[in-house]
Amino acid sequence: MITLVERVLLRGLEAICLALLLALTASVVYSTTARTFGASPSWYDEIASVLLAWLTYFGASYALFLRQHMSFGGIVAALPRGPAVALALFSEILVIAYFAVVAWYGNKVLAVAKWDSLLSLRWMTLDIVQSIIPISAVLMIVGTLLTMPRALRDAAAGIDREHEEIEHAIAEAERENAAQDHPEAKK
């Protein structure tokens with residue numbers, strides 16, 4: 001069940017990131033084209049900044065779901081099983097606590113921001129713009145909770161996924177180099 005929820009949320013985040021990237025690209029292309037013809041849109045700078053911020057926050061949430069964020073997996077993997085699990089659990093609790101604080105205060109900012117708006121688009125209030133902060137913080141808490149069992153299992157088994165990915169990439173590059181050096185080996 002957890003993996004189904006995780007997969008659905010991950011696909012949703014992918015769709016959101018893709019939509020934001022396409023919207024950002026379209027706004028940049030439109031603005032550049034308009035400036036070329038001497039008609040620069042007044043809204044471009046603010047909207048591009050907002051889209052980039054939203055893409056960054058949703059992208060960070062996506063990375064957290066994939067466990068592709070910064071971590072010290074090598075240190076945890078080097079420890080004996082008990083301390084490794086304890087350290088991994090402690091770090092997970094710290095991450096959840098941090099994003100709970102971000103969500104709480106991010107939500108507090110929305111009450112203040114609703115009275116202000118963008119300069120070029122007066123109908124778009126800053127609470128809409130700033131809503132990404134508590135939304136992404138909650139997503140990161142959910143992502144941490146959903147992926148925590150896997151992280152704790154890896155810690156207990158002494159597995160460092162980042163190290164495994166690096167080793168896999170090196171082995172793949174070595175195979176490609178060997179294939180280039182000896183093309184007859186392919187046949």
Inset, instruction - Within the range 66-88, identify whether any single residue is aromatic (Phe, Trp, Tyr), out of contact with any helix residue (DSSP H, G or I) (no Cβ under 9 Å at 6 or more places or on another chain) and surrounded by fewer than 16 Cβ atoms within 10 Å (Cβ to Cβ), and answer yes or no. - result: no
Legend entry - the range 152-187, subset closer than 25 Å to Arg7 by Cβ and touching a Lys or Arg at 6+ places or on another chain (Cβ under 7 Å), residue surrounded by the fewest Cβ atoms within 10 Å (Cβ to Cβ): Ala156
Inset, instruction - Find the residue count for the range 53-111, including only residues that are over 13 Å from the mean Cα position of the chain (by Cα), within 22 Å of Leu146 (Cβ to Cβ) and in a helix (DSSP H, G or I). - result: 26
Inset, instruction - For Leu121, work out the one condition from (1) out of contact with any Leu (no Cβ under 8 Å at 6 or more places or on another chain); (2) part of a helix (DSSP H, G or I) it doesn't fulfil. - result: (2)
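Considering each residue of the range 112-162, count those that are farther than 30 Å from Ala48 by Cα and of a type in the set (Lys, Arg), and give that number.
If we filter the range 112-162 for residues that are farther than 30 Å from Ala48 by Cα, which is where we start, we get 145-162.
Then drop every residue that is not of a type in the set (Lys, Arg), which leaves 150, 153, 161.
Adding up the residues that qualify gives 3.
Condition check ((1) of a type in the set (S, T, N, Q); (2) more than 29 Å from Glu164 (Cα to Cα)) across all residues:
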| position | (1), (2) |
| --- | --- |
| Ser71 | yes, no |
| Val85 | no, no |
| Ile96 | no, no |
| Ala113 | no, yes |
| Leu118 | no, yes |
| Arg122 | no, yes |
| Thr125 | yes, yes |
| Ile128 | no, yes |
Inset, instruction - Go through Leu22, Leu13 for me and flag whichever is assigned to a helix (DSSP H, G or I) and over 11 Å from the mean Cα position of the chain (by Cα). - result: Leu22
Inset, instruction - Spot the failing condition for Glu46; the list is (1) at pLDDT 90 or above; (2) under 22 Å from Ser117 (Cβ atoms), and only one is missed. - result: (1)
Inset, instruction - Filter the range 152-170 down to the residues that are over 17 Å from Gln68 (Cβ atoms) and not hydrophobic (A, V, I, L, M, F, W, C), then identify the one that is modelled with the highest pLDDT. - result: Arg153
Inset, instruction - Taking Val112 as meeting all but one of (1) at pLDDT 90 or above; (2) closer than 27 Å to Thr56 by Cβ; (3) of a type outside the set (Asp, Glu), write down the number of the exception. - result: (1)
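The values are calculated or read from the model by the stated rules, or taken from the named source; none is laboratory data. Please read these numbers as outputs of a predicted model, since none were measured by experiment. Positions of Cβ are backbone-derived with ideal geometry, glycine not excepted, and every protein chain shown enters the neighbour counts.
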